[in-house]
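A short reminder: the numbers here are calculations on the coordinates, not readings from a lab. Quick caveat: nothing in here was measured; it's all calculated off a predicted structure. No Cβ is skipped: glycine too gets one built from the backbone with ideal geometry, and neighbour counts run over all protein chains shown.
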Amino acid sequence: MKFLDLYLILFFSLFVSCVTKPANKKRTDPIYNKSDFKISDSTIDSSGKLNEGNTPLLSASIFGNGPVVHSQIMARANVNERSKDGTTPLIYASMYGHTAIVKMLLEAKADINAKNEDHKTALIWSSFNGYTDIVQILIEQKANVNFQDKLGATALMYASSNGYLDIVKILIQAKANLNSVDHFGGTALTEATSEGHFEIANLLQAAGAK
């Protein structure tokens, strides 16, 4: 690993303990609050990994450092490596909205349907957080739109619950299952309605949701 890359990762690691998943003010449903992501106590050890289990590629994907991601790919880093909770670089980049890095990783043949230990994919996380461009890219690259996480929730359920109309439209166009049911009996329609997203609810009903 180049000295510059290591320097950048060391610099970023100073801030990791206070970094959390991007804020989502619309995320009020108690069911879907259980999936909050947090990084803490992260420092680089002698092997170049963070104590959280994150390598330079994983860390750069979290922080959106494109040059480091590029150099790691050129150095033949494993683009499907995982953190301790099973999160891949592509999932991190999608979670934090780093569109350019998502494109780089997909071009490097990252597994588009990889799931972390909560069974969340890159598409689920980008739908959860409202990153429309990333959702579109992942779907264009044939991401599975119907994966369910450990709560039984799909990308469409999260987008509907959090009020992301454009993402809901994209997922409907991509033939997402409108009537998937999570482990609590919820559907995309019930989530949109309970959160007061009536335009989304009407759109779902018009598309055939029940």
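Give me the net charge for the shell around I73: Cβ to Cβ below 11 angstrom, other residues only, Lys and Arg +1, Asp and Glu -1. With Lys, Arg at +1 and Asp, Glu at -1, the net is +1. On the beta carbon distance between D85 and Q173, with R0 = 25 Å, the FRET formula returns roughly 0.20. Please identify which residues in the stretch 133-162 have an amide N closer than 17 Å to a label point set 7 Å out from the Cα of F184, following the Cα→Cβ vector. Hits in the stretch 133-162 for F184 at 17 Å: 148-162. The 3J(HN,Hα) values that the Karplus relation (6.51, -1.76, 1.60; θ = phi - 60°) gives for the stretch 174-181 are, in residue order, 7, 6, 5, 5, 6, 10, 4, 10 Hz. Gly and Pro appear as x.
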